[in-house]
Each structure stands twice: as structure tokens, then as C-alpha cells.
Amino acid sequence: MQLRRQYAIELPIGTIEDWPDFPVRGVMLDVSRDKVPTMATLFGLIDLLAELKINQLQLYTEHTFAYSKHRDVWRDASPMTAEEVRQLDKYCRARFIELVPNQNSFGHMERWLKHPRYESLAEKPEGFTFPWGTHHPGGFSLNPLDPRSLELVEGLYDELLPNFTSRLFNVGCDETFDLGLGKSKLECERRGKERYLEFLLKIYDALKRRGRTMQFWGDIILHKPELISELPKDVIALNWGYEFDHPFDTEAAAFANAGVPFYVCPGTSSWLSISGRTDVALGNLKNAAQNGLKHGAAGYLNTDWGDYGHLQYLPISYLGLAAGAACSWCYETTRDASIAEALDLHIFRDAAGVMGKLMHDFGNVYQGIRERLKMSSRLFWTLVGGEDRLRLFKDVTVEEYDAAEARINAALAPLDRAQMDRPDAQLIRDEVRNAAAMLRYACERGRRRLRENRLPGHNDPAAQSIVKEHRRLWLARNRPGGLNSSVAHLTGASSTTF
């Protein structure tokens with residue numbers, strides 16, 4: 001199909017010599033904060049990923065599977081049902097993609113622990129402070145000392161896993177920020193946070209009994225690299241990092257030297273940005289490929305997250321998804337290729353050659369602000385932040401907001417000239433326009449704060465217009481569950497801290 005687009009009438013005669021650098025080339029899509037795509041959207045994305053030679057897909061799940069015994073957790077989330085998962089599994093297999101089950105099982109359980117029925121399972125149900133200084137009002141991680149915690153996750157596994165033909169399972173277990181701060185505090189002080197490894201090994205045993213191979217996020221074990229050698233040698237550690245200079249070299253070496261199979265897991269850099277962060281995405285994806293190959297990674301899992309309301313639209317992620325697919329198939333021959341040309345030809349199918357460069361440049365508008373943030377942009381926080389987030393954008397100047405807005409306008413100037421041969425071409429234009437409107441409003445909000453010495457509210461006509469359009473665009477590709485939560489970030493009504 002890729003050749004067909006480049007040779008409209010006759011295909012060339014020749015021999016193709018081609019093989020992948022990484023045997024597993026995956027994509028993980030966040031369907032828990034707060035966006036659950038419709039089946040039509042998922043089918044379309046699977047078709048695209050298959051054409052990009054992706055062969056593994058995961059849907060990151062916290063509370064968005066319709067567990068029969070836990071309706072109160074997912075009631076308002078428009079979750080994936082068992083029947084829908086089985087349909088997706090079949091659809092993926094027909095396109096040579098392995099649909100891998102994914103259910104976070106230790107940290108990131110706040111959507112469960114906020115309910116009275118599960119609150120007693122929390123490590124610190126009264127809340128805690130994240131390492132970056134913001135307060136989380138309730139439970140976040142399961143208490144690993146409580147046997148009911150393991151009973152809960154094992155019950156989830158027994159309902160979830162039979163819907164997948166894959167024998168792999170990503171149990172998450174990342175970012176257990178509150179571990180050792182609450183009910184396990186005394187035990188962790190006595191023995192250290194090795195309690196994390198003990199609970200992880202209990203999950204491992206539960207999966208072995210169910211005939212599954214455990215994948216888990218490797219960030220916590222890397223805090224104690226001497227423990228890596230204690231991991232079973234039939235797990236798969238997921239070595240994630242999302243900046244262009246993430247130490248994949250050092251971290252991948254730690255897993256490789258311990259004989260533990262691992263994937264490198266970069267990201268699309270779409271989240272917490274509205275329009276993406278193009279230069280970071282490309283640098284991060286290449287870094288992961290280079291060092292994954294250097295240290296013998298078993299796979300490459302490109303992640304697309306949705307923190308703080310999943311405000312980025314799906315086309316914003318296409319650049320990172322395509323670049324990751326290229327890097328993981330053949331890093332050496334694609335690392336210097338033009339991503340803009342590839343996007344025009346294979347993703348946006350734009351005969352005018354507009355969309356590739358437009359999306360590349362739109363993803364770099366955040367550079368108008370000189371001082372950058374890790375894993376997010378200052379424009380994003382200017383848009384959604386309140387006084388509690390002021391430190392993330394208080395030093396930005398009027399001139400920087402002006403420079404960012406000029407970049408937005410320059411990037412979008414050729415949009416009307418695009419000639420996309422896609423059924424959703426108009427939807428893509430509308431999504432890009434509203435993303436630009438969000439960022440322009442962020443610039444105006446920042447300028448008004450500097451002039452008035454206070455943050456303006458989100459109730460002026462420009463903000464209301466953006467919210468109305470965001471609702472329409474959301475429902476064009478996604479289920480209604482989570483929409484109000486997403487909108488709350490745009491209206492200043494959200495109390496979400498992570």
C-alpha cells in the first residue's frame with residue numbers, strides 16, 4: 001500500500017530486502033484519562049498501525065473496562081466491554097497485531113480508591129503530596145500489605161484476560177508515589193521499599209498460574225537497580241522515558257546486564273501540550289531506538305498518554321506514531337528521513353504537501369517560550385492552570401506569548417490549501433483549528449495575567465466557543481464518558497491533580 005501511493009499507475013519491478021530491527025513494535029494508547037475511543041475510531045487506528053508495520057497494541061486501562069462486579073468504578077466512563085475487546089482482538093489478529101491486555105494494578109488506582117467500597121485498600125487514603133509539590137486528595141496506590149489488594153487485582157485479571165488471545169499482560173505498577181507514606185510506612189522504614197518488589201512478585205505468581213507473561217513498567221525497580229537481578233527472567237520490563245535526553249543507555253544496560261528481557265518505551269510527546277512537542281518526540285523516539293538496539297531490547301513500545309483531560313486531538317499524535325514506527329522498523333535508514341514528507345504521503349495523504357510540515361511546525365509552537373518544562377509545555381499550563389500551577393508559567397513574558405502566537409499563526413496559514421484524501425479530512429482541519437484556538441487563548445490568558453496581576457477566568461466568549469467546539473470534536477471520535485472531566489480542565493472546574 002505504501003508503494004501504491006508512490007507509483008500511481010505501475011509498480012516498479014524489483015526485489016525488496018527488508019526486516020525489522022525490533023521483533024516487537026508496539027503502540028500503547030491511553031484510554032483512561034479521560035478519552036475512550038469509539039469502536040470505529042479504534043478500527044481505523046488499527047488499520048493505520050498495521051500499515052505502519054506495528055505488531056502490538058495496548059489500551060492503557062485503569063477503570064475503563066466494564067468489570068461486572070465493579071460497576072460503580074466505571075459507571076460514567078463509557079468503558080470497553082468484554083464483547084468489544086473480543087471484537088478488537090479478532091480485528092487485530094486479522095492484521096497481524098497482537099492486542100495485549102493492560103490493567104494498572106498498584107499505583108494509579110485513584111479512580112478505584114476514591115469510592116468508599118475500595119478506600120480501605122489505599123496505601124494513604126487521606127491523600128499525600130506528589131514529589132513535584134501538588135497535593136493528591138485521596139488514595140493513589142494499593143496497600144501492598146493488605147491481602148485484599150491482591151484479591152482485588154486477581155479478580156480483575158480473571159474477568160479481563162479471557163477476552164484476549166495474547167499470552168502477554170501489562171500489569172502497570174508504575175509511579176507508586178505514596179508507597180511507604182501510609183499503611184506500609186513502618187514496614188518500609190524497617191526493610192526499605194523492597195516491599196514494592198514483593199507485591200510485584202505476588203502479581204507475577206498470579207499470572208504464572210494463569211499462563212501469562214508479565215509486562216510491568218520499570219521505573220520503580222530502577223530506583224533500586226540492585227534488585228533487578230531478583231526479577232524472574234521470564235518477565236518483560238518496560239523501560240519508559242519521554243525526553244530527548246532520557247538515559248535509555250544507562251537504564252537499558254541495567255536490565256540487559258541482569259538478563260531481564262525489556263522493551264524501550266518512548267512516547268509521542270502529544271500529551272500536556274495541545275499541539276505536541278515535535279523536536280522532543282523525534283529526539284526521544286530516536287534515542288529509544290538507538291539504545292534499545294545497543295542493549296538488545298526485545299521490543300519498542302511507543303506510548304501516547306492523556307494526562308489532565310486528554311486535550312490533544314488524535315491527529316496531533318500521528319507524527320509521533322509514524323516516527324516511532326519508522327525508528328522501530330529500521331532506525332539506520334529512517335533516522336534522517338523527512339517526517340513531513342512521510343506524513344503527507346502515508347498519514348494525511350495530502351496531495352498538496354501541506355499537512356506534514358504544518359503538523360511538524362504546529363508541534364513546535366511551544367518553543368516560543370524560551371524556558372521549557374519536562375514532559376509538558378508552559379502554554380498548556382497557561383491554558384488549564386490556576387494559581388496552584390502558577391509556578392509552571394509565571395515567568396513567561398508578554399513577548400514570549402506574542403512569539404508563540406506568531407508561531408501558531410504561521411504554522412496554520414496553509415491549512416486551507418491541504419488536499420487530504422481521507423474521509424475525516426474536514427474533521428482533522430477542525431481539530432487543528434480548535435487546538436490552535438486553545439493555544440491562542442492560552443497566550444491571551446497569560447498576557448492578561450501579566451497586565452492585571454491575576455489569572456482571568458474561563459468564562460469569556462472565546463473560552464466558551466473553544467469548549468463548545470471541543471465537545472463536538474470529542475464526540476466525533478470518542479465516547480461521551482470522560483468528556484465532562486476533560487472539559488473541566490478547560491473551564492477551571494477540575495480538581496484532578498494527576
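The values are calculated or read from the model by the stated rules, or taken from the named source; none is laboratory data. Only a predicted model underlies this, so the values are computations on that prediction, with no experimental measurement involved. Using ideal geometry, Cβ is built from the backbone for each residue, glycine included, and neighbour counts are taken over all protein chains shown. Accessible surface is based on the protein model in full, side chains and every heavy atom, while ligands, DNA and RNA are left aside. Shrake-Rupley method; radii C 1.70, N 1.55, O 1.52, S 1.80 Å.
So here's what we get for this one:
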| read-out | value |
| --- | --- |
| Residues within the stretch 165-188 that are under 30 Å from Arg86 (Cβ atoms) and open to solvent by less than 20 Å² (accessible area, probe 1.4 Å), tallied | 7 |
| Candidate set from the stretch 368-407 (those that are of a type in the set (Asp, Glu) and farther than 19 Å from His458 by Cβ); member that is farthest from the chain's Cα centre (by Cα) | Glu399 |
| Leading residue by the ranking (modelled with the lowest pLDDT) among those in the stretch 186-205 that are over 14 Å from Leu142 (Cα atoms) and among the hydrophobic types (A, V, I, L, M, F, W, C) | Cys188 |
| Residues of the stretch 207-260 satisfying the condition of being of a type in the set (Phe, Trp, Tyr) and either over 18 Å from Cys173 (Cα atoms) or open to solvent by 30 Å² or more (accessible area, probe 1.4 Å) (or both) | Trp240, Phe244, Phe248 |
| Counted residues, the stretch 13-28 - those being of a type outside the set (S, T, N, Q), open to solvent by 70 Å² or more (accessible area, probe 1.4 Å) and farther than 30 Å from Phe216 by Cβ | 4 |
| From Tyr318, Tyr366, residue being open to solvent by less than 30 Å² (accessible area, probe 1.4 Å) and under 18 Å from Leu415 (Cα atoms) | Tyr318 |
| Residue in the stretch 450-457 that is closer than 14 Å to Phe393 by Cα, assigned to a helix (DSSP H, G or I) and either open to solvent by less than 50 Å² (accessible area, probe 1.4 Å) or touching a residue at least 24 places away in the same chain (Cβ under 8 Å) (or both) present | yes |
| Count of the stretch 115-143 residues which are surrounded by 13 or more Cβ atoms within 10 Å (Cβ to Cβ), of a type in the set (D, E, K, R) and in contact (Cβ under 8 Å) with a residue 24 or more places away in the chain | 2 |
| Residue among Ala351, Ala342, Ala297 that alone is open to solvent by 20 Å² or more (accessible area, probe 1.4 Å), over 29 Å from Phe380 (Cα atoms) and of a type in the set (Gly, Ala, Ser) | Ala351 |
| Tally, over the stretch 435-449, of residues that are touching a Lys or Arg at 6+ places or on another chain (Cβ under 9 Å) and either open to solvent by 10 Å² or more (accessible area, probe 1.4 Å) or among the acidic types (Asp, Glu) (or both) | 2 |
| Tyr67 vs. criteria aromatic (Phe, Trp, Tyr), over 14 Å from Leu99 (Cα atoms) and in contact (Cβ under 8 Å) with a residue 40 or more places away in the chain | yes |
| Qualifying residues in the stretch 370-413 (those that are in a loop (DSSP other than H, G, I, E, B) and touching a Lys or Arg at 6+ places or on another chain (Cβ under 7 Å)) - the one nearest to Val432 (Cα to Cα) | Ser377 |
| The lone exception for Arg111 - which of (1) under 20 Å from the mean Cα position of the chain (by Cα); (2) open to solvent by less than 40 Å² (accessible area, probe 1.4 Å); (3) on the phi < 0 side of the Ramachandran plot; (4) not aromatic (Phe, Trp, Tyr) it fails | (2) |
| Output for the stretch 41-90, where each listed residue is farther than 18 Å from Ser166 by Cβ, open to solvent by less than 50 Å² (accessible area, probe 1.4 Å), among the acidic types (Asp, Glu) and not in a loop (DSSP other than H, G, I, E, B) | Glu51, Asp72 |
| Only one of Asp388, Asp424, Asp395 that is open to solvent by 50 Å² or more (accessible area, probe 1.4 Å) and more than 21 Å from Gly309 (Cα to Cα) | Asp395 |
